[in-house]
Amino acid sequence: LRSDEMVDRFWLGLTLGVYVGHGETYLQAGVAQEEQTMWWSKGGSLRGFAPPSIGWFRDRVTDPSRPPFSELVPLDAQPLTGCQGQALVQQGSYALFRLTEPCVDRRSPHCSLRIPGLAHGERFRVRLLHPMMHTTTMLDHGSAREEFSTSGIECPIGPQTGWPGGNIGGENHSTLVELFVEPPALVRGWSGELRRSGDAVIASLRSAAQRGVRSFRIAPGEYELGARTITLSGISDMVVRAAGVTFWFVPGGGLRLFDCHNLRWEGDHPLAPFAIDYDPPAYAQGRLTSVDRISSSSSVEAVFDTAFPMPSSEEAVFSRAGGAKVALWSAATRTMLRSPEGAVNAWFAGSTPLGQNGTRWRIEIGGHLDAIMQASPPQVGDLITVAPSRGPHALELDQCGMVTLRAFHIYGGTCMGIVEHPGRGANKYEQLRIGRRDGSSHLLSVTADGFHSVGVGQGATIRASEIAFTGDDLINIHNAICIVLERLSGTELVVADPKDTIFDTLGPGDDFALFDLHTREQVASGILAASPKTYDGGWAEKIDGVPETLQGPPYNLITRGAPFTARRVFRLQFDSPLAGDVRPFLLGQSLSKGNRNATISDSWLHDSYARAALLQSTGARAERLLVQRAGGVHVSSELEWLEGDLALQDVQVVDSTFEQCGEPAIEVS
């Protein structure tokens, strides 16, 4: 073989998906056969013109700016280009073509090149390789930035190309062309890490969704998205493949899916999931240096880690929050010091800086310390977290239905991990993980509930998942409760919907039932004749007084965490008059579209600040769970939060193991 033919064999093997190697033996003139040194057994040096070009080949293959060879797939070039040859591609981002002939019918010396799977409208660059010259040429095809759209480029093949050194040489007439998507600009995160800007990825995904693209791939990498809520709207019938992708947010940011249906978003379990994480973390973390005053004045002293915010109102995560929770942790086991009963509920009451370096603080703790002290009194050297809780959530599904998340990990958040609320529901979560990133020093994952579902039509399915180290409950699944404000006629009611669920969930033909606040007995029910409509009727001025009225006799209900606002006042119209004693301040909700039939199976729930799971909707089922170090499973309604199913029934917990979850581990009330 000539040297150029030898080099071409390497590129041929590469584009066929082969790991190429080479050995050679030359007989030395004037040396007897039995005295010849064989290269393959004794070693030696490669000779001739090919070895330097083979070295250049190796450098191109191992160049970190190119995709790893293990991630590339060999394909026949003809279906992609109309030309004979081979292609080595990474879907959506890279293609190397070794082209040996013009078009198959030989009527044109050109072919059109493209990157398979590239999002429509995304730009790529073109590079011509000169293996014998050890150089490359970035092609200028009339574009100042040497970029080309997904429609491809017309590429001449063979010795007539007019591109200097375009073919390897000799009689092979093969042409090597690379198409690649240029990596996005790098930005520096809070911790100093360089990451790709996520703006281009989000723009491309939105564009693909608007065009009805069925499959979209995000190239593996770390993407910085800042302190923004990234809203993706109206995505339907699409698969987003995001293996090995992390979206990094600053506290105050998060991902929101709005009005998305039949969307599948997946990573690759377990080594290349899609992940959401935060830099900096959304809470303070440190090590106790004094516990002498914990019993007398409910305070401790600690040195806080500079990789986290300091526990100060001057830090953004604390200045925005309405409150924060304190947790103490065993340094030996890195598990929370807590009684397995109920919730910890030790509140951050204030902080005082100690010393000059800004990392030593005295932390005042409010609330009850019994849950901490009964477990194991804290010692110097144990760990502390101070976690504010104020949205947005790491991931919000708003008015979504039949969304599937697979191999989806959440390692941080400024409030809850996943929140789904109103809409069709019936969302699926497979190989979900809300917890600590492997190898991380972080103690908490999210600062409130891990998974929180309220008022969707059909309950979620959670399977083969892990939810752990949360700042409140691990899982909370419930129906939403409305308050009757006024009866306009026999077929019309005005209700307040503080959870903001019925407007986007209910419609004509859906049921709505009314219950007595004290006895929780059903008073009346009816079928809606129309969708709920916003209603004024003077309630814009009166709605602020509703919580105060509820607190007084005869209702004596103190509501929490559910704002009464004018925009959440609705008129309900029924298809026939409501029978019974229908009056103001009854409780109301839909029963058929009340987050029914949620299931959690084959999953690991552990290490919660509060409870393991609240199953507050009819038909909920938990099976084959391992539940550890959490406040057990609660089957009930919580009126103060306006959460729960007022006709709760058929809730099942089966074939599950509970460890350090209090007595009873399953509480029904």
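The values are calculated or read from the model by the stated rules, or taken from the named source; none is laboratory data. All figures in this text were calculated on a predicted structure; none of them were measured in a lab. Glycine also receives a Cβ, built like all others from the backbone with ideal geometry; neighbour counts cover every protein chain displayed. We work out accessible area using only protein heavy atoms, side chains counted, and drop any ligands, DNA or RNA first. Shrake-Rupley method; radii C 1.70, N 1.55, O 1.52, S 1.80 Å.
Values computed for the structure shown
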item: R106, sole failed condition from (1) modelled with pLDDT under 90; (2) touching a strand residue (DSSP E or B) at 6+ places or on another chain (Cβ under 8 Å); result: (2)
item: Strands (runs of 3 or more DSSP E) completely within region 387-502 that count 1 or more residues being closer than 22 Å to G226 by Cβ and modelled with pLDDT of 95 or more; result: 395-398, 408-410, 418-421
item: Selection count where residues are of a type in the set (S, T, N, Q) and either open to solvent by less than 40 Å² (accessible area, probe 1.4 Å) or outside any loop (DSSP other than H, G, I, E, B) (or both), scope region 652-669; result: 3
item: Top-ranked residue in region 616-641 [being among the aliphatic types (A, V, I, L, M) and in contact (Cβ under 8 Å) with a residue 60 or more places away in the chain; ranked as most open to solvent (accessible area, probe 1.4 Å)]; result: L639
item: Single condition G526 does not satisfy, out of (1) open to solvent by less than 40 Å² (accessible area, probe 1.4 Å); (2) within 26 Å of G457 (Cβ to Cβ); (3) under 38 Å from the mean Cα position of the chain (by Cα); result: (3)
item: Any chance S445 is surrounded by 24 or more Cβ atoms within 10 Å (Cβ to Cβ), among the hydroxyl-bearing types (S, T, Y) and more than 30 Å from D292 (Cβ to Cβ); result: yes
item: Positions within region 281-297 being touching a strand residue (DSSP E or B) at 6+ places or on another chain (Cβ under 7 Å), part of a loop (DSSP other than H, G, I, E, B) and buried (at least 18 other Cβ atoms within 10 Å of the Cβ), in sequence order; result: A282, Y283, V291, I294
item: Tabulated pairs, region 528-546, first closer than 20 Å to L587 by Cα, second assigned to a helix (DSSP H, G or I) and of a type in the set (D, E, K, R), C-beta under 8 angstrom, 6+ apart or interchain; result: T534/R567
item: Region 2-22, subset open to solvent by 50 Å² or more (accessible area, probe 1.4 Å) and over 18 Å from Q86 (Cβ atoms), residue modelled with the lowest pLDDT; result: H22
item: Residue in region 558-570 that is closer than 25 Å to S636 by Cα, among the charged types (D, E, K, R) and open to solvent by 50 Å² or more (accessible area, probe 1.4 Å) present; result: yes
item: Any hit, region 59-69, residues being farther than 30 Å from P183 by Cβ, surrounded by 12 or more Cβ atoms within 10 Å (Cβ to Cβ) and either of a type outside the set (S, T, N, Q) or modelled with pLDDT of 90 or more (or both); result: no
item: Residue that is modelled with the lowest pLDDT, among those in region 111-135 that are in contact with a strand residue (DSSP E or B) (Cβ under 9 Å, 6 or more places away or on another chain) and closer than 20 Å to R211 by Cα; result: A119
item: Candidate set from region 571-582 (those that are in a strand (DSSP E or B) and either in contact with a Pro (Cβ under 9 Å, 6 or more places away or on another chain) or modelled with pLDDT under 95 (or both)); member that is most open to solvent (accessible area, probe 1.4 Å); result: Q573
item: Any chance T175 is at pLDDT 80 or above, among the polar types (S, T, N, Q), in contact with a Ser or Thr (Cβ under 8 Å, 6 or more places away or on another chain) and crowded, with 19+ Cβ neighbours inside 10 Å; result: yes
item: Hits in region 489-507 (condition: open to solvent by 10 Å² or more (accessible area, probe 1.4 Å) and within 18 Å of V546 (Cα to Cα)); result: K499, D500
item: Wholly enclosed strands (runs of 3 or more DSSP E) of region 189-273 bearing at least 1 residues among the polar types (S, T, N, Q) and open to solvent by 30 Å² or more (accessible area, probe 1.4 Å); result: 215-217, 229-233, 236-241, 261-266
item: Test: residue in region 407-429 that is within 12 Å of the chain's Cα centre (by Cα), open to solvent by 20 Å² or more (accessible area, probe 1.4 Å) and of a type in the set (D, E, K, R); result: no
item: Long-range neighbours under 9 Å by Cβ, at least six apart or interchain, first residue on the phi > 0 side of the Ramachandran plot within region 642-663, second open to solvent by 70 Å² or more (accessible area, probe 1.4 Å) and modelled with pLDDT under 95; result: L642/R560; G662/E341
item: Residue count for region 583-608, restricted to those that are open to solvent by less than 20 Å² (accessible area, probe 1.4 Å) and either in a loop (DSSP other than H, G, I, E, B) or charged (D, E, K, R) (or both); result: 6
item: Enumeration of residues in region 289-306 that are under 15 Å from G381 (Cα atoms), touching a residue at least 40 places away in the same chain (Cβ under 8 Å) and over 37 Å from the mean Cα position of the chain (by Cα); result: S290, V291, I294
item: Counted residues, region 508-523 - those being open to solvent by 10 Å² or more (accessible area, probe 1.4 Å) and either in a loop (DSSP other than H, G, I, E, B) or under 15 Å from G644 (Cα atoms) (or both); result: 10
